[in-house]
Structure formats: structure tokens, C-alpha cells
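Contents: one structure, followed by commentary.
The values are calculated or read from the model by the stated rules, or taken from the named source; none is laboratory data. Worth saying up front: this structure is predicted, and the values here are computed from it rather than measured. Counting neighbours? That spans all protein chains shown, and the Cβs are built from the backbone with ideal geometry, glycine included. Accessible surface is based on the protein model in full, side chains and every heavy atom, while ligands, DNA and RNA are left aside. Shrake-Rupley method; radii C 1.70, N 1.55, O 1.52, S 1.80 Å.
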Amino acid sequence: MKVLSKTVGAFQENAYLVIDEATNEAVFIDPGAEPDALIELVRKSGAELRAIWLTHAHLDHVGGIAGVRRVWRVPVHMHAADRPVLERAPVSAAMYGIPFEAPEVPEFSIEDGQQLSVGDLAFDVIHTPGHAPGHVVFRHGTTVFGGDLLFAGSIGRTDLPYADPTAMERSLEIISRLDEATVVHPGHGPATTIGRENESNPFLIGIARPVKRASA
């Protein structure tokens, strides 16, 4: 697996191009803004874009979809519970004074426990509501694309429309139980690991969990 990232937009969101090196097929996770830059990333990679997967539908995670799909008419996958968040995105963009092109409604709905594939790579979909009702993370082995659930030293906001602090606590407990070697590629900021965040993130310290360690 090859992971290319591009930090885009006013909110400095991390868009990820995930490539299966065996088949050269790729998926975009959260193409949030600056579609021209994202299109260039795909073209330079030489990969064949097959789909767009969304961790959630906040404006900074969906603003590049329309532009990318004018070049590659690939399907978009999103949890159905985030439909209201997607519908509100243009209003949110207007509030911040950010230019925004609303994407079409995603073709495919994803659910907790489902598997999505790109090439020969299979990813588990884990529903992690709190920051948004349909927030999910995508996990392949000890690699997670975590959206705005968990950051290095922090977590996603729960004071936004449709957010739920209680659900966020449950979702943080879920992710804290992953193998401590798991690398988290977040929606904002640098990558981190579950072990590092369990030890130092103030929002995870104190959560009851059995810590999993990687095999020797």
C-alpha cells in the first residue's frame, strides 16, 4: 500500500490517495478542497482512481469532490447518517466565506462492519460517530484513516451541528482498543499512533481499555 497526501483548503485538511501497488488502483479519502491540486496528485502518481471514500461530510472534507469527478466519474461512498451534514455544507461554507462547490449525493452508503476494497486491499469500515453522526474510519491492518475522530494530541470538535459528545466518548474508546502500533492518518495534522495517543492524549487518558501490543 502506498499513501500519498495533500493538505488542502482553508482548514488545512489532509486528503489521502491510497494506492494498491499490486494493481495500481487507487481511492481518494476525503478530497476536501483544491480539486486541481488533487487531480494533479492522481496524475503524477500514475494510479487509476476507482472511488472516493468519505470519513464524514463536513465542508472541508467534501469540497474537492465535484472537481475531481469532472475528470474521473468515480463512485462516492459515505455513511447515510451524514446526509444532513452534507446538505448543510454549503451553508457552513457561506458562514466562513469559503468558496464551495456542493457535490452530488453519494451513490453508495457504507455501514459499520462493512469492507471496502481498492485493488487487492480490503479496509474495514468502523462507525465512529460523535464529531459527525455518520463519521467512520477505514482500517487496513495497522493503518487507519481516521478523519476527524483522533488527532495527534487532540480530537475532533463536538460543538458543531449534529455532533454528539457522548457518542464521541464511545468512539474514542473503540479506537483506543486498536493495536498500539496502529498508525492513524488524521483529517488534520501529522500522523500518530494509537499507542502514543493512549499514553499522552488528554482525551484518551483514563478511558478503560485493554491495551493491545503488536506481536514480536
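Among rounded, prolate and oblate, which fits the stretch 105-150 when a ≥ b ≥ c are the square roots of the eigenvalues of its C-alpha gyration tensor, a/c under 1.5 means rounded, and a/b larger than b/c means prolate?
In terms of gyration-tensor shape, oblate.
Roughly how many percent of the accessible protein surface of the stretch 76-174 is carbon and sulfur, given a 1.4 Å probe and a whole-percent answer?
C and S atoms contribute 51 percent here.
What 222 nm value per residue comes from the helices of the chain, counting each DSSP H run with n ≥ 4 as -39,500 (n - 2.57) and dividing by all residues, nearest 500 deg cm²/dmol?
One gets -7000 deg cm²/dmol as the mean residue ellipticity at 222 nm.
Once you keep just the Cα pairs under 8 angstrom separated by 6 or more residues, what percentage relative contact order results for the chain?
Numbers: 496 pairs, mean separation 32.5, N = 216.
Answer for the chain is 15 percent.
Rounded to the nearest 5, what % of DSSP beta bridges with both residues in the chain are antiparallel?
Of the beta bridges lying entirely in the chain, close to 65 percent run antiparallel.
By the scheme Lys and Arg +1, Asp and Glu -1, what is the net charge of all other residues having a beta-carbon under 15 Å from that of V105?
On the way: positive: R69, R73, R83, R88; negative: D82, E87, E101, E104, E107.
That sum, taken over residues with Cβ under 15 Å, equals -1.
What does the charge add up to near N14, with Lys and Arg as +1, Asp and Glu as -1, over the other residues with Cβ less than 11 Å from its Cβ?
-3
With a 1.4 Å probe and every protein chain kept in, tell me what percent of the accessible surface of the stretch 3-43 is carbon plus sulfur.
43 percent
Loop-only check: which GluC sites (Glu not before Pro) in the stretch 40-120 are DSSP coil with at most 12 other Cβ within 10 angstrom?
E104, E107, E111
Let me make sure I get this right: for the stretch 75-178, a, b and c are the square roots of the gyration tensor eigenvalues over alpha carbons, sorted descending. Under 1.5 in a/c it's rounded, otherwise prolate if a/b > b/c, else oblate. Which is it? The partial results should precede the final answer.
Numbers: a/c = 1.93, a/b = 1.22, b/c = 1.58.
It comes out oblate by the Cα gyration axes.
If I compute percent of Cα pairs over 32 Å apart from the structure I just sent, which labelled value in (1) 16; (2) 29; (3) 12 lines up?
Only one listed value fits the structure, namely (3).
What percent do you get for the relative contact order of the stretch 1-102 when only Cα pairs under 8 Å and 6+ apart count?
Once normalised by length, the contact order is 23 percent.
May I ask for the longest run of the chain untouched by trypsin sites (Lys or Arg not before Pro) that are loop-located per DSSP and have at most 14 neighbouring C-beta atoms (other than their own) within 10 Å?
74-156
Along the charge dipole of the chain, which of I98, V184, F123 sits closest to the positive end, that is, farthest toward it, with unit charges on the beta carbon of Lys, Arg, Asp and Glu (+1, +1, -1, -1)?
Result: V184.
Based solely on C-alpha atoms, express the radius of gyration and the Dmax of the stretch 23-62 in angstrom.
Rg and Dmax of the stretch 23-62, Cα atoms, are 10.5, 31 Å.
Write down the accessible area per residue of the chain in Å², having rolled a 1.4 Å probe over the full set of protein chains.
Numbers: 9640 Å² over 216 residues.
Normalised by residue count, the accessible surface of the chain is 45 Å².
Multiply the residue separation of D112 and A181 by 0.36 nm, subtract the distance between their alpha-carbon atoms, and state the gained length in nm to one decimal.
22.6 nm is the gain from fully extending D112 to A181.
Please build a GNM for the chain, connecting alpha carbons under 10 Å apart, and tell me which residue among V62, V136, V118 fluctuates the most.
V118
What is the stretch 95-177's relative contact order, in percent, from Cα pairs under 8 angstrom and six or more apart in sequence? Could you put the intermediate results ahead of the total?
Working: 116 pairs, mean separation 18.8, N = 83.
So the answer I get is 23 percent.
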